[in-house]
Amino acid sequence: MSTRTRPARESPALTFLSVLIVAGCVLGGPTAASGGVSKTDPVFSRWSWPVSDPHTITTPFRAPAHEYGAGHRGIDVDAPVGALVSAPAAGTVAYRGTVVDRPLLTIDHGGGYVSTFEPLVSALAPGDTVSVGEAIGTVAFGGHTAPGSLHIGVRLDGSYINPSLLFGEVPRAVLLPCCDPL
C-alpha cells in the first residue's frame, strides 16, 4: 500500500498577501524589494553627491539573494586619490577607523539612514556633526575598490540599500510585454 500526499493548496490569505507584495513593488511602495526608500521620506530629498562631477559609477549596487549572500552592498564611483569627499546629508560621525586594510568613515543621518565611505582618510571623530556638503575627508588607497574609486554604502534600518536611489540616479522601471500575442 503506497501513501501519496496531495500538494498543499495556498490559502486565500496567502495568495492575497502575495498580490499585495507584488503590487507594492510594481507601484513603487517602500518595500524591501524596492530598496525601502520612499520619495516622501524627508531624508530622501536632502542627499547630494559626495564627490564632484562627473558621477561615474564604476561598480553598481548588486543586492545579495539573502543577508549573507554574495553581492555589492554599495556603489563605487570614480574619484581620484586625494579627491575631497563631502557629506551627502547632515548627520553625526558614528565611526572612523581602519577595517582590515581600508580607512573608512560612517555617518548616522538619523531616520535609520547610515552611510559609509571607503577608502577615506578623515580628521573627523565619532560624535562630530556634519552638514550636507561639508568636507568629511579625502579618497585614499585600500579595500576592494580600484585605486581612484570611492565605495559608498548606505543602510536603512540595518539593511543595505542602493545608494543611487538617494542620489536620484536610478531610472524608473518600465514593464515590457513578455510574450508574443496569441
- Item | Size of electric dipole in the range 96-182: Cβ of Lys, Arg +1 and of Asp, Glu -1, about Cα centre, debye, nearest 20 | 60
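Express the accessible area of the range 73-114 per residue in Å², computed with a 1.4 Å probe while the remaining protein chains stay in the model. Display every interim value, and only then the final one.
Working: 1620 Å² over 42 residues.
In whole numbers, the range 73-114 has 39 Å² accessible per residue.
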- Query: Using modelled backbone amide H atoms (1.01 Å from N, in-plane), which distant-in-sequence or interchain residues come within less than 5 Å of residue 74's amide H?
  - Reply: 62
- In sequence order, what are the phi-derived ³J(HN,Hα) couplings for the range 57-68 according to the Karplus relation 6.51 cos²θ - 1.76 cosθ + 1.60 with θ = phi - 60°, rounded to whole Hz, with x for glycine and proline? 7, 8, 9, x, 5, 10, 5, x, 5, 8, 3, 10
- Taking amide H positions as placed 1.01 Å from N in the peptide plane, with prolines and chain starts having none, which residues 5 or more places from residue 132, or on another chain, fall under 5 Å of its amide H? 90
- Which of rounded, prolate, oblate describes the range 48-151, given a ≥ b ≥ c as roots of the alpha-carbon gyration tensor eigenvalues and a/c under 1.5 marking rounded, otherwise prolate only if a/b is larger than b/c? rounded
- Which whole-Hz ³J(HN,Hα) couplings does the range 144-151 yield from phi under the Karplus relation 6.51 cos²θ - 1.76 cosθ + 1.60, θ = phi - 60°, glycine and proline marked x? 8, 7, 5, x, x, 10, 10, 8
- For residue 81, enumerate residues with amide H under 5 Å from its amide H, sequence gap 5+ or separate chain, H modeled in the peptide plane. 148
- Have a look at 133, 149, 121 and report the one farthest towards the positive end of the charge dipole of the range 85-176, computed about the Cα centre with Cβ charges (Lys/Arg +1, Asp/Glu -1). 149
- Note on the structure: Scalar couplings 3J(HN,Hα) for the range 95-112 by Karplus 6.51 cos²θ - 1.76 cosθ + 1.60 (θ = phi - 60°), nearest whole Hz, x for Gly and Pro, are 7, 9, x, 10, 10, 6, 10, 10, x, 8, 9, 10, 10, 8, 9, x, x, x
- Item | residue 157 versus residue 144: modelled label distance in nm, points set 7 Å from Cα along the beta carbon direction | 2.5
- Task: Would you please give the FRET efficiency between residue 176 and residue 90, computed as 1/(1 + (r/R0)^6) with r the Cβ-Cβ distance and R0 = 45 Å, to the nearest 0.05?
- Result: 0.70
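The values are calculated or read from the model by the stated rules, or taken from the named source; none is laboratory data. Note that the coordinates shown come from a computational prediction; the quantities given were computed from them, not determined experimentally. For neighbour counting, all protein chains shown are included, and Cβ atoms are generated from backbone atoms with ideal geometry for every residue, glycine included. Surface accessibility is based on the protein's heavy atoms, side chains included, excluding ligands, DNA and RNA. Shrake-Rupley method; radii C 1.70, N 1.55, O 1.52, S 1.80 Å.
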